[in-house]
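Heads up: the structure comes next, in structure tokens.
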Amino acid sequence: MKGKRSTALLITAALLILAVSVAVAFFASCGESGTERESTEATGEVIWDEPSREETAESTSEAETETQSQAQTQASAESTRAPEPVTERNLYTIPDEPYYGKTLKPAVMDKDKWYLTFVNKNYVLPEDYVPQLSRELFGTYCQLDARCAPYYIEMYNAALKDGCRLTPFSGYRSIRRQKLNFENEMRIYLNKGYTFDEAYDKAATNILPPYTSEHNLGLAMDIVSINHNFDKSKEFAWLMEHGAEYGFILRYPADKTDITMVQYEPWHWRYVGKEAATEIMSKGITLEEYLGYA
């Protein structure tokens, strides 16, 4: 009997201890609830309880109300703001019409002598002209007409053997890109107070209008080197001596700006074929003079 009684007492004591442990764990877990940030000493972790849906909805509603209030205030201020005065430079706009309203001549397109196609600010490409383009050259985004790209690659490799890297910087340009570049240049002069015609002519000495650039033609490459003054670089000297051997000419020389109507651009090299390039470079003339446009 005594053995049975002792066993019963032990079981009862164990059950009481278990009940107390459960109660302590329950109340401890209740104490850890809420939205306050806590850190545990054991791991150093930072714990955030997510807010309830009601709290989220309430904060979102308050933010939207504040945003709407700010928008209404801003709209009210703009409606009462005095209009900007019309200045002289606001009177000049760039017309949205073909060739900016200029009367230009169509470029002569010869399938057999495609490499001698002549364009400038007076002679324009057909509106639907798009050359067959090469792949991008030497890991750059630059492309050329696929028919002249092999000559540029050959020239590049030859120069590289002589310690000169003819890095391609700007080859073919789309009409859209040319238009954007030209109009940005025009706005510089318009904002200085020049008339539309004056701004057009000045901009065209730096960047030719769309459809009139050799970059749109896909036969010209702007070449750069680490030397800031390209005409003082070894690459320029190499091109002046060897460029014609691969069909390329210095298109806009310093002493011919009155003929080309374009500023001196030592970096701009145009493919015209080996025969024409040899004559042009040896005589020190321009493409205009060679083709009879001057």
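The values are calculated or read from the model by the stated rules, or taken from the named source; none is laboratory data. Note that the coordinates shown come from a computational prediction; the quantities given were computed from them, not determined experimentally. Please note: Cβ atoms are built from the backbone with ideal geometry, for glycine as well, and neighbour counts cover all protein chains shown. With ligands, DNA and RNA removed, areas are computed over all heavy atoms of the protein, side chains included. Shrake-Rupley method; radii C 1.70, N 1.55, O 1.52, S 1.80 Å.
Quantify, in whole percent, the carbon and sulfur part of the accessible surface of segment 183-263 (1.4 Å probe; protein heavy atoms only). Answer for segment 183-263 is 49 percent, counting heavy atoms of protein chains only. Label sites at Asn229 and Arg165, each approximated as a point 7 angstrom past Cα along Cα to Cβ, lie 2.3 nm apart.
Leaving out ligands and nucleic acids, note down the accessible area per residue over segment 172-294 with a 1.4 angstrom probe, in whole Å².
Accessible surface, normalised per residue, equals 45 Å².
Spin-label model, Glu245/Lys111: points 7 Å from Cα along the beta carbon direction are separated by 3.4 nm.
Using a/c under 1.5 as the rounded threshold, could you call segment 165-294 rounded, prolate or oblate? The axes a ≥ b ≥ c are square roots of the C-alpha gyration tensor eigenvalues, and prolate needs a/b larger than b/c, oblate otherwise. Walk me through the intermediate numbers first.
Working: a/c = 1.86, a/b = 1.57, b/c = 1.18.
Because a/c hits 1.5 or more and a/b exceeds b/c, segment 165-294 counts as prolate.
As a length-normalised measure over Cα pairs under 8 Å and 6 or more apart, the relative contact order of segment 161-222 settles at 53 percent.
For segment 93-105, 3J(HN,Hα) computed residue by residue from phi via the Karplus equation (6.51, -1.76, 1.60; θ = phi - 60°) reads 10, 8, x, 8, 8, x, 6, 6, x, 7, 8, 10, 9 Hz, glycine and proline entered as x.
For segment 166-278, calculate the relative contact order in percent as a whole number, restricting contacts to Cα pairs under 8 Å that are 6 or more residues apart. Before the final figure, lay out each step's value.
Details: 161 pairs, mean separation 31.8, N = 113.
This gives 28 percent for segment 166-278.
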